[in-house]
Amino acid sequence: MKRETEYAYAVARVRANENSLLTQADIDQMIAAPDFGSVMRHLADCGWGEFSGGTDYTEYLEKRADATWQLLSELLSDIHELDMLIIRNDMQNLKAALKSIIAKNKGEWPDEELFVVPTVYDTDLIRDAVAKREFTSLPQCMQIPAKEAYDILVSTGNGQMADAVLDKATLGIMLDLAYAEKSDTVIAIAERICATSDIKIAYRACKTGKDKAFLQRSLCGCKTINASKLCDCALEGTDALGSYIAGTMYSGAKDAMEESTSAFEKWCDDIIMECVRQAKFKAFGIDPIVAYFVARDTAIKSVRIILSAKLNSQPADIIRERMRMLYV
């Protein structure tokens with residue numbers, strides 16, 4: 001790993017770009033805006049670029065995400081230092097490739113638009129390896145879960161179980177990448193993503209009566225949450241599960257889940273932002289760069305929520321309840 005001072009130029013550039021991040025005042029103004037077009041005009045004023053028209057904002061937001069990644073790619077001599085932040089895209093592409101070949105055997109499901117970027121690995125490599133059923137040609141971390149998920153899809157057609165295998169593998173890979181990087185911020189993000197994912201799985205399994213085998217196949221576990229304990233409590237019922245969660249650093253999860261799915265998703269994003277905000281006080285190292293990536297991603301997510309709400313004529317108070325904590 002590089003010495004912290006070797007990031008000085010990258011951190012300086014990121015600090016300068018932080019001045020263009022959306023503020024709470026920007027979010028409030030967009031929430032109060034009368035319509036979709038007004039929000040788009042405000043984003044243009046904030047430097048997000050002009051919108052070409054219509055109501056499909058997907059490409060517009062993708063360009064913002066691409067610009068962020070391009071900047072970081074230029075600043076870092078080794079962009080793989082950020083692998084933990086994007087490995088989920090690779091695993092999502094693996095899912096898409098697996099389901100595409102199963103569906104294609106049935107003469108359906110075109111796969112041209114199923115893949116997402118940025119990625120750690122070459123997407124064509126993943127697609128070709130899966131298409132040829134040559135799972136040993138995949139990156140090593142993908143080989144075993146890809147073969148297991150494929151076997152499940154072929155033998156049972158159980159897409160939910162195949163997803164569970166790949167989702168668990170994704171979390172494990174993220175944790176491995178985070179701890180290898182030795183960045184406090186990266187590790188904290190990975191721990192929170194893993195723990196909140198496990199909590200959600202356990203809570204839903206508890207509500208739907210899933211058995212121990214499902215939970216053991218689905219829960220990853222990490223240093224801040226015990227998968228075995230989570231499994232046992234989920235099998236006992238919601239009260240036992242809630243009691244265990246209340247004794248962890250994720251005590252707010254139970255109330256958020258019981259309120260709504262969107263409330264829980266917001267809570268998950270907010271506890272990540274809480275740890276990312278600590279990077280504001282670091283002058284060197286990879287942490288401020290990671291924080292900037294998360295800050296941009298959170299801003300894009302918030303804008304997506306606002307735009308969708310405006311198109312569906314949702315009231316301002318409902319939109320405000322779903323807004324994520326911002327970095328600035």
| message | Test of understanding: among Val120, Val116, which residue is in contact with a Pro (Cβ under 9 Å, 6 or more places away or on another chain) and outside any helix (DSSP H, G or I)? | response | Val120
| field | Qualifying residue in segment 168-180 (condition: among the aromatic types (Phe, Trp, Tyr) and surrounded by fewer than 18 Cβ atoms within 10 Å (Cβ to Cβ)) | value | yes
| task | Scan segment 308-318 for residues that are in contact (Cβ under 8 Å) with a residue 60 or more places away in the chain and surrounded by fewer than 20 Cβ atoms within 10 Å (Cβ to Cβ) and jot them down. | result | Leu311, Ala316
| query | Residues in segment 235-253: is at least one of a type in the set (A, V, I, L, M, F, W, C), touching a residue at least 40 places away in the same chain (Cβ under 8 Å) and within 30 Å of Asn19 (Cα to Cα)? | reply | no
| task | Read through the list (1) surrounded by fewer than 16 Cβ atoms within 10 Å (Cβ to Cβ); (2) modelled with pLDDT of 95 or more, then give the number of the only condition that Gln160 fails. | result | (2)
| message | Yes or no: segment 124-135 includes at least one residue that is open to solvent by 20 Å² or more (accessible area, probe 1.4 Å), part of a helix (DSSP H, G or I) and of a type in the set (Val, Ile, Thr). | response | no
| request: Please enumerate the residues belonging to segment 202-213 that are in contact with a helix residue (DSSP H, G or I) (Cβ under 6 Å, 6 or more places away or on another chain) and either in contact (Cβ under 8 Å) with a residue 60 or more places away in the chain or under 25 Å from Asp176 (Cβ atoms) (or both). | output: Ala202, Ala205
| note | Going through segment 167-197 in order, the residues found to be within 11 Å of Ile272 (Cα to Cα) and acidic (Asp, Glu) are Glu191
| request: Please work out if Phe293 is at pLDDT 95 or above, open to solvent by 30 Å² or more (accessible area, probe 1.4 Å) and either of a type outside the set (Ser, Thr, Tyr) or closer than 30 Å to Asp56 by Cα (or both). | output: yes
| said: For segment 220-239, give me each residue that is over 15 Å from Ile271 (Cβ atoms) and surrounded by 14 or more Cβ atoms within 10 Å (Cβ to Cβ). | reply: Cys220, Gly221, Asn226, Ala227, Lys229, Leu230, Cys231, Asp232, Cys233, Ala234, Leu235, Thr238
| request: Could you tell me whether segment 41-52 includes any residue that is acidic (Asp, Glu) and under 27 Å from Asn17 (Cβ atoms)? | output: yes
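Condition check ((1) of a type outside the set (Phe, Trp, Tyr); (2) assigned to a helix (DSSP H, G or I); (3) farther than 27 Å from Ala97 by Cβ; (4) touching a residue at least 60 places away in the same chain (Cβ under 8 Å)) across all residues:
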{"position": "Ala146", "(1), (2), (3), (4)": "yes, yes, no, no"}
{"position": "Ala149", "(1), (2), (3), (4)": "yes, yes, no, no"}
{"position": "Val154", "(1), (2), (3), (4)": "yes, yes, no, no"}
{"position": "Gln160", "(1), (2), (3), (4)": "yes, yes, no, no"}
{"position": "Asp176", "(1), (2), (3), (4)": "yes, yes, no, no"}
{"position": "Tyr179", "(1), (2), (3), (4)": "no, yes, yes, no"}
{"position": "Ile193", "(1), (2), (3), (4)": "yes, yes, no, yes"}
{"position": "Lys200", "(1), (2), (3), (4)": "yes, yes, no, yes"}
| request: Show the residue pairs that are 6+ apart or on different chains and have beta-carbon atoms under 7 Å apart, the first residue being within segment 54-67 and modelled with pLDDT of 95 or more, the second being open to solvent by 80 Å² or more (accessible area, probe 1.4 Å). | output: Leu61/Arg304
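So that you can scan it fast, the table gives a plain yes or no per residue for (1) of a type in the set (S, T, N, Q); (2) surrounded by fewer than 16 Cβ atoms within 10 Å (Cβ to Cβ); (3) out of contact with any strand residue (DSSP E or B) (no Cβ under 8 Å at 6 or more places or on another chain):
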site: Ser218; (1), (2), (3): yes, no, yes
site: Leu241; (1), (2), (3): no, no, yes
site: Gly247; (1), (2), (3): no, yes, yes
site: Ser251; (1), (2), (3): yes, yes, yes
site: Thr261; (1), (2), (3): yes, yes, yes
site: Gln278; (1), (2), (3): yes, yes, yes
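The values are calculated or read from the model by the stated rules, or taken from the named source; none is laboratory data. Predicted model, so just to flag it, every value in this text is computed and none were measured. We place every Cβ from the backbone using ideal geometry, glycine too, and count neighbours over all the protein chains shown. Please note that ligands, DNA and RNA were not included when accessible areas were found on the heavy atoms of the full protein model with its side chains. Shrake-Rupley method; radii C 1.70, N 1.55, O 1.52, S 1.80 Å.
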